1. Across the stretch 68-127, which residue is nearest to Ala189 (Cα to Cα) among those that are crowded, with 24+ Cβ neighbours inside 10 Å and of a type in the set (S, T, N, Q)?
2. Looking at the stretch 99-126, I want the residues that are under 15 Å from Phe3 (Cα atoms) and of a type in the set (D, E, K, R) and have a partner that is part of a helix (DSSP H, G or I) and modelled with pLDDT of 95 or more with Cβ atoms under 7 Å, at least 6 apart or on another chain. Which pairs are those?
3. Which one is nearest to Val368 (Cα to Cα) among residues in the stretch 223-253 that are under 18 Å from the mean Cα position of the chain (by Cα) and not in a helix (DSSP H, G or I)?
4. Restricting attention to the stretch 1-26, report how many residues are at pLDDT below 90, within 24 Å of Gln250 (Cβ to Cβ) and not small (Gly, Ala, Ser).
5. Could you check how many residues of the stretch 153-177 are assigned to a loop (DSSP other than H, G, I, E, B) and more than 14 Å from Val142 (Cα to Cα)?
6. Pairs under 7 Å by beta carbon, first residue modelled with pLDDT of 85 or more in the stretch 183-209, partner hydroxyl-bearing (Ser, Thr, Tyr), six or more apart or different chains?
7. What residue, among those in the stretch 412-436 that are touching a residue at least 40 places away in the same chain (Cβ under 8 Å) and over 30 Å from Cys119 (Cα atoms), is surrounded by the fewest Cβ atoms within 10 Å (Cβ to Cβ)?
8. Out of the residues in the stretch 296-329 meeting the condition of being small (Gly, Ala, Ser) and surrounded by 23 or more Cβ atoms within 10 Å (Cβ to Cβ), tell me which one is nearest to Thr124 (Cα to Cα).
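The values are calculated or read from the model by the stated rules, or taken from the named source; none is laboratory data. In this text the structure is predicted, and so the values were computed from the model without any measurement. Heads up, the Cβs are rebuilt from the backbone with ideal geometry, glycines too, and the neighbour counts pull from every protein chain shown.
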Amino acid sequence: MTFSICLAMLSVGIACGAIAGALVYIESGTVLGTLTTSAKGAVVAALPLGAMFGCVATPGLNESFGRRLALSIVDAGFVVSALLMATASTIEQVTIGRFIAGLAVGLATSMCTMYISECAPAKTRGKYTGLAPLSVTVGLLVSFVASLALSTFTGGWRYMFALAAVPALIQLAVIFGTSWLPESPRWLAEHCRVGDAKAVLNKLGQREVDVHLIALNANTRQAMQVWNMFNDTKTRTALGVASLMNFIQQACGINVAVYYAPKILSDLGFDRSHAIALTAGVSVIQIIAGTWLSRRIDTVGRRPMALGGIAGISTALGLLTLSVSPNVYTSFMTAAAAPWVAVFAILLFRVAFSVSLGPVPYIVTSEVFPQRARTVGVSVATACQWIMNALVTFTFLRMRELWSAQGVWLMYLGVSIVALAVVYRVLPETTGVELESL
């Protein structure tokens, strides 16, 4: 079941990563013309901007149709966006396609971890929920490998954009052609379908869960409104923690290292194909790290993973700053070594992220809210993630022009150090606790 849900997150990774490979090829010499810095920033930022609006739409879809049917709407969004981008003749059409893909991404990231957490047993909830962000990393790798494979084809960038539709089409077949994806038992109980909820929980091997308690805890509809969350200390605190974790996830600059990694390495002297190949290699190692995390997070705990990973991210950002600071590094290494320092830094950044700020915000966000506020709370917190994502990705190229790469990496280093202190102060430990007890 978890893997079936994660197909949507696989499409998320492919949709997000496709621009990293495609951007290297479409910035000039195609039917799209020569792209300005603003045009490149807009086409990259269109996805996270669309994701923000997708998050806003999630509560209405989730509560009206349930998790299962809402997921099919996500898949339809990926298919439509892929068709638009694959047939584009102008950069504006690509940008619109990226925005629609963003709507699907926002919906998927708001609901998939929540869907899994509502179906998983408490003692292994982190393990299964962590597979959702790991699927994003797998999708990123698929997009980078596809970029390499398609780079020699005329118009290969079109296929890079179209690839995100494949997992979505498979998931649509699973939803409408099989019984592998049951509805969330907690959504069923919340909507007074106690018998159906019991049947799903029995199928999932969770006979001990009190369905009547879930229904009782979720009996008020007004709490589903955003403004009502601030009237209750429990939901207000949960919203603060979840929103802050999602804000920090993007404020450290991770998607600069994802979206622009091939370009960063290309600017440091690697040719286009080697830059993409190195980025793909980093993704392989990140998947290994993410797999390790999914097996350990229910043992080690959310807080230690988050704090240790942010420390690693800070170290990586320090090395990235060093790699673009010749006035500093020439005193102890050659200029030829600087690009390899950057490769190692990007590797460390993404591995540290994959065991901390990658999965932990998703996991904690799906856990900290009471059932009656979970859909709205998760959507608001995830929207914070995508607002910051759009801001970071749209401003990176312009900031690099104004401040230089050294100034940008120094800024992100400062943010990550502050984030370490903030997370230490506010992040609760939710490992092994039943959702109804949080």
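1. Of everything passing the filter in the stretch 68-127, Ser117 is nearest to Ala189 (Cα to Cα).
2. none
3. Within the stretch 223-253, the subset under 18 Å from the mean Cα position of the chain (by Cα) is 241-253.
Subset that is not in a helix (DSSP H, G or I): 252-253.
Numbers: Cys252: 23, Gly253: 25 Å.
For the stretch 223-253, the residue satisfying everything is Cys252.
4. So the count comes out to 4.
5. 3
6. Short answer, once both residue conditions are applied: Ser184/Tyr115.
7. Looking only at the stretch 412-436, we keep the residues that are touching a residue at least 40 places away in the same chain (Cβ under 8 Å), and these are 412-413, 415-417, 419-420, 422-424, 426-436.
Retained after the next criterion (residues that are over 30 Å from Cys119 (Cα atoms)): 412-413, 415-417, 419-420, 422.
On the way: Tyr412: 24, Leu413: 21, Val415: 17, Ser416: 25, Ile417: 16, Ala419: 23, Leu420: 20, Val422: 14.
Checked the stretch 412-436; the qualifying residue surrounded by the fewest Cβ atoms within 10 Å (Cβ to Cβ) is Val422.
8. Pass one, the stretch 296-329, residues small (Gly, Ala, Ser): 301, 306, 308-309, 311-312, 314, 316, 318, 323, 325.
Now restrict to residues that are surrounded by 23 or more Cβ atoms within 10 Å (Cβ to Cβ): 306, 309, 316, 323.
Working: Ala306: 18, Gly309: 21, Ala316: 31, Ser323: 40 Å.
Here the answer is Ala306.
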